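All remarks here apply to the structure that follows.
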Amino acid sequence: VNWEHATPDTEKAAAVNVRSSNGYLLIATSGGLNQQRTGITDAVVVARILNATLVVPELDHHSFWKDDSDFFDIFDVKWFISYLAKDVTVVKRVPEKVMRLMGKPPYTMRVPRKSEPEYYVDQVLPVLLKRRVLQLTKFDFRLANDLDEELQKLCCRVNYHALRFTKPIRNFGQKLVVRMRKMARRFVAVHLRFEPDMLAFSGCYYGGGDKERNELAEIRKRWATLPELIPDEERTRGRYPLTPHEVGLMLRALGFKNDTYLYVASGEVYGGEKTLQPLKELFPNFYTKEIVAGDELKPFLPYSSRLAAIDYVVCDESDVFVTNNNGNMAKILAGSRRYMGHKRTIRPNAKRLSALFQARNKMDWDTFSRKVKSCQSGFMGEPEEVRLGRGEFHEYPSSCICKTPFNHSNFIEKYNNHTPSANPSLLDSRYRYIRNSSDLDDKILQKLY
């Protein structure tokens, strides 16, 4: 499905679109970068449902990450507006004339999570028509999954095409991809969601004694409505992120050799180097954006969302993407990789793997490996895992995917036996972020190499 239908000329696109509007819709997103991304995608669809003019969404500056980046710092706002011009009118701000006529701050609402389109028509549209300017707050996962096909396809146009990162982020992410491929033609990207806030939210226990319990309990206080959780029960249910060591064991058991190159995307890993060491011992070719970029990363360091965006670019370009939980970034990237051509995403079947990891020392390696492969059946990124109506569209954009035959047989064996290339060319890879960026010319490509 090719949705490349919008002109990159923002002014011309805006001039062509003379669609009448029921009012201006302001959106305040919530959470980290990828949670906000889902909110932005849903916001466009809601604006379409309401026939509203969407004001460029406001990003969350008050979450755990305390990042003051605005939309235009992370996403290409001109491209966003022009690309969606045939679907929804998007403006950078409410016109001053409209604000003066209001004479008071915009009316605010918070809609229930997973609200159906009918809810927006019945409950939100009358308010918009009356107030003319309406703000929806804490906008994350406020739209139902079971949308009709046209709205689903609009979600795909927003998420996989309109939400393009800024040129500095795209270029920097591509530099890291090129450097990884100069070391090894193929590499595995591992997203480690193992930050203190994640562990605290999960309610699990990782063996750190009273120090760990006290530290994570203190972080949990920021969520006033979190229920008390029993760590062993949460682990048995698979509601916990795999540790870096468990991720390494899973990959080795699946057949990835110790000379595999890993790019590890993460924030601050709880326990630091001590926590990461077992994974590094299993895969010595261990790299992060800090290692690959060095001092060039300094301009991005104060901004967690921009760092996450750089990781997103590298992970999306990797030959295999592996997650240690099924969080927002994992779902969005899995969906993107399906939508753009079924590049493999491995996500852990944590519920079944839990018992295996606990019994690891009671069985030999061959037995452990065989059982891990059995547990991971259906969680290896095969095309047939996509089923209509299953999960969120971010992870399973099924109605937007062209169904084509695809064969992943003997993938890991082929991966391990692939001869590395010391000097890969552009034709050797799928540099989608370069290929789809109309403003990256040959001179810029030469600079990247």
_Test set (1) touching a residue at least 24 places away in the same chain (Cβ under 8 Å); (2) in a helix (DSSP H, G or I); (3) among the hydrophobic types (A, V, I, L, M, F, W, C) - Val127 fails condition number_ = (1)
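Looking at region 63-73, which of its residues are open to solvent by less than 90 Å² (accessible area, probe 1.4 Å), over 12 Å from Gly32 (Cα atoms) and either aliphatic (A, V, I, L, M) or out of contact with any helix residue (DSSP H, G or I) (no Cβ under 8 Å at 6 or more places or on another chain) (or both)?
Applying the first criterion (open to solvent by less than 90 Å² (accessible area, probe 1.4 Å)) to region 63-73 yields 63-64, 67, 69-71, 73.
If we keep only those that are over 12 Å from Gly32 (Cα atoms) too, we end up with 70-71, 73.
Within region 63-73, Asp70 is the sole residue that qualifies.
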*asked:* Taking the condition of being open to solvent by 40 Å² or more (accessible area, probe 1.4 Å), at pLDDT below 90 and among the basic types (Lys, Arg), how many residues in region 214-259 meet it?
replied: 5
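Do we have Asp60 as at pLDDT 95 or above, in a loop (DSSP other than H, G, I, E, B) and either open to solvent by 10 Å² or more (accessible area, probe 1.4 Å) or closer than 25 Å to Ser115 by Cα (or both) here? Spell out how you get there, then give the answer.
Numbers: at pLDDT 95 or above: no; in a loop (DSSP other than H, G, I, E, B): yes; either open to solvent by 10 Å² or more (accessible area, probe 1.4 Å) or closer than 25 Å to Ser115 by Cα (or both): yes.
No.
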*Selection status of Leu333, buried (at least 22 other Cβ atoms within 10 Å of the Cβ) and at pLDDT below 95*: yes
_Here's a check for you: in region 122-147, which residue that is in contact with a Phe, Trp or Tyr (Cβ under 8 Å, 6 or more places away or on another chain) and more than 23 Å from Phe393 (Cβ to Cβ) is most open to solvent (accessible area, probe 1.4 Å)?_
Arg132
*asked:* Which residue is surrounded by the fewest Cβ atoms within 10 Å (Cβ to Cβ), if the candidates are limited to region 74-121 and must be of a type in the set (Asp, Glu) and closer than 22 Å to Leu143 by Cα?
replied: Glu118
*asked:* Which pairs turn up if I take residues in region 191-215 that are closer than 15 Å to Glu268 by Cβ and look for partners that are open to solvent by less than 20 Å² (accessible area, probe 1.4 Å) and part of a strand (DSSP E or B) with beta carbon separation below 6 Å, at least 6 apart in sequence or on another chain?
replied: His191/Ala265; His191/Thr323; Leu192/Val264
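The values are calculated or read from the model by the stated rules, or taken from the named source; none is laboratory data. Everything numeric in this text was worked out from a predicted model, so none of it was measured. Positions of Cβ are backbone-derived with ideal geometry, glycine not excepted, and every protein chain shown enters the neighbour counts. In case anyone asks, the SASA skips ligands and DNA or RNA and just uses the protein heavy atoms, side chains included. Shrake-Rupley method; radii C 1.70, N 1.55, O 1.52, S 1.80 Å.
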